Every structure is written in C-alpha cells, then in structure tokens.
Amino acid sequence: MTRPIVVGYDGSSSADAALDWAVAEGVRTGTPVVLAYAFEWPAASGPIMPGPAAWPDAASRRDAETMVRVAAAEAVERYPQADVTASMLDGPAAIRLREKSRGAALLVVGNRGHGGFADLLLGSTSVAVSAHAHCPVVVVRGSVVSEAPVVVGVDGSEASLQALRFAVEQAANRDVTLRVVRAWNPPAPRWRPLAFDPLEIVAAERAVLDDELILWREKYPEVTMSAETVGDHPGRFLVEASRTASLVVVGSRGHGGFTGLLLGSVSQQLLHHSHSPVAVIRGSSHTVEAGSGDQVDRS
C-alpha cells in the first residue's frame with residue numbers, strides 16, 4: 001500500500017479547493033487520497049482548569065461523518081479513477097494532521113478554514129502544518145492552472161535541493177515545463193565593495209545552478225527545464241512568478257536568517273501572498289512517487 005495524500009478538510013470553500021487539488025494529484029500519480037476531518041470541541045476556561053464548552057453529542061459527530069463521506073463521494077464522482085477515503089480525527093486539527101503526516105506522501109490544506117479572523121491571509125492550521133509536518137505540505141491558494149509551469153526557488157540549502165527534487169517530479173507528472181529560479185538579494189549601494197560586479201555574480205550563480213540541474217536533466221530528459229538567476233529578493237520574485245505558475249515549490253528554510261525558525265521568510269511570504277498553490281518542503285521530507293512501496297496505516 002502506498003503512502004497516501006492526506007487532505008485536511010473542514011467543509012469550507014478553501015478546504016473544497018484543497019480536496020479537489022489533492023484528488024487531481026492522486027489521479028495523476030496513482031496515489032490514494034485520505035480526506036481527514038479533525039473533530040474538535042471548543043474549550044472554555046473554568047475556575048480550576050479549561051474544559052470543553054459543551055460535551056460532544058452523537059448527533060454532531062454523525063453530522064461531521066456524513067459531511068466527510070459526502071465530500072469523498074462527490075470527489076470520486078468528479079474523478080472516477082480516484083481512490084478516496086474519509087477519516088475522522090479527534091482533537092485539534094493542526095496536531096492531528098501533523099501526526100497523520102508521518103505516514104503520508106503529501107499533506108494538502110487550504111489557505112483558510114472555518115473560524116478565526118476572516119481578514120487574515122492564512123489560517124493558523126495552515127501555518128502550523130507547514131512548519132511542523134513530517135512530509136511535503138501543499139497550501140492551496142490563488143488560482144490553479146494545471147498547464148502552467150512549475151516554479152521552484154533554490155539557494156543550495158538542503159531544503160531547497162529537496163524542493164528541486166519535488167518540483168522536477170511534479171513537472172514530470174504534470175507534463176509541464178519547470179522554471180528553476182536562483183534569486184539573490186544584492187547588497188545596498190552603500191555596502192557594496194568597490195569591485196562589486198553584478199554581472200559576475202549572476203554568472204557565478206548561474207554556473208552553480210547549472211551544476212545542480214545536470215543530474216535532473218539526465219534523469220528526466222522529457223522535462224523542459226529553464227534556469228535563471230536574478231538579483232532580486234527571492235520572496236518578492238517568486239510571488240510575482242506565481243502569477244503564471246501551476247505550483248510554486250520552496251524549501252521550508254533556506255540560507256540566512258535565524259536558524260531556529262521553522263519557516264523562512266521566503267516560504268512565509270509565499271504562503272501569505274502567492275497567486276498559485278505553494279508546496280513547502282522540509283530538508284528531510286520524502287516525496288510523492290507513484291508506485292512507492294512504503295507502507296502506511298490508513299486508519
């Protein structure tokens with residue numbers, strides 16, 4: 001049994017978009033999809049310790065179970081070749097989805113679910129699973145244009161090299177081109193050395209990028225890959241590139257910044273502002289591969 005694609009679902013329009021993306025991905029790669037709903041009861045503060053505001057009742061749980069079954073059935077109607085099952089998880093969504101990600105090939109969530117503040121760009125669950133999941137995470141936001149290129153940002157870090165691998169596989173599975181971007185932020189004019197030559201830096205960065213792509217061009221000759229180096233802030237450039245992308249792929253953390261942070265500034269900027277779905281890849285993540293022999297508990 002292959003590792004499934006797990007999609008966090010709560011009945012919101014954002015979750016519906018995530019489910020549709022996940023099922024299309026499952027059909028493309030021959031991967032089963034598990035629709036996971038976290039059944040959580042709100043807490044209320046008491047004089048001694050917090051507790052549930054209302055005790056769970058059987059009717060509410062039955063309603064939730066019916067909702068996820070219907071969502072799974074409707075997904076199969078749209079994609080008859082899909083293998084979709086529904087799963088109920090008890091507890092906070094971010095915690096339970098993180099646990100579920102241990103046995104998943106991919107975790108897919110919408111950018112905003114029910115609850116919270118409507119004007120926030122990204123929901124708390126999306127942020128939490130992007131930072132803590134044990135597998136690649138796709139946050140579905142913006143428009144989904146399946147025939148557009150896959151864009152990946154690389155900087156030589158372990159996470160970005162894993163992101164490159166994921167992006168190449170995505171481009172191959174989708175039969176689209178791959179746009180590989182190595183962006184570097186030029187120093188402010190006052191801090192530039194006298195011998196500063198931006199063209200020389202671009203050439204050096206391009207040489208490194210070409211070396212990184214040799215293996216992938218040989219392994220996936222059917223994938224058209226374009227490589228570019230740009231002197232611009234990586235987050236800003238990738239957000240703009242997302243306007244014409246089917247998917248933007250980044251590592252969870254690249255070079256620079258504070259190493260203790262779980263998400264880097266580039267991945268955070270994309271999660272909040274991308275015009276297309278975003279995949280966040282951790283350095284130790286495994287990737288979706290059709291026909292994988294990895295075993296998983298699909299309960």
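The values are calculated or read from the model by the stated rules, or taken from the named source; none is laboratory data. All values derive from a computational prediction rather than experimental measurement. Neighbour counts are summed over all protein chains in view; Cβ atoms, including those assigned to glycine, are modelled from backbone coordinates with ideal geometry.
Numbers for the structure displayed
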{"item": "Test: residue in segment 117-128 that is at negative phi, of a type outside the set (A, V, I, L, M) and at pLDDT 90 or above", "result": "no"}
{"item": "Of all residues in segment 27-38 being among the small types (G, A, S) and touching a Leu at 6+ places or on another chain (Cβ under 9 Å), the one that is farthest from A86 (Cα to Cα)", "result": "A38"}
{"item": "Filter result (small (G, A, S) and either part of a strand (DSSP E or B) or crowded, with 23+ Cβ neighbours inside 10 Å (or both)) within segment 227-247", "result": "A227, G231, A241, S242, A245"}
{"item": "Residue list for segment 66-107, restricted to those being surrounded by fewer than 17 Cβ atoms within 10 Å (Cβ to Cβ), among the basic types (K, R) and part of a helix (DSSP H, G or I)", "result": "R69, R78"}
{"item": "Residue in segment 34-55 that is within 23 Å of V150 (Cα to Cα), of a type outside the set (D, E) and modelled with pLDDT of 90 or more present", "result": "no"}
{"item": "R141 vs. criteria crowded, with 17+ Cβ neighbours inside 10 Å and at pLDDT below 85", "result": "no"}
{"item": "Candidates V223, V176, V250, V180 - the one that is buried (at least 16 other Cβ atoms within 10 Å of the Cβ), touching a Gly at 6+ places or on another chain (Cβ under 6 Å), modelled with pLDDT of 85 or more and not in a helix (DSSP H, G or I)", "result": "V250"}
{"item": "Residue under evaluation E158, criteria (1) farther than 26 Å from S126 by Cα; (2) among the acidic types (D, E); (3) at pLDDT below 95, criterion not met", "result": "(1)"}
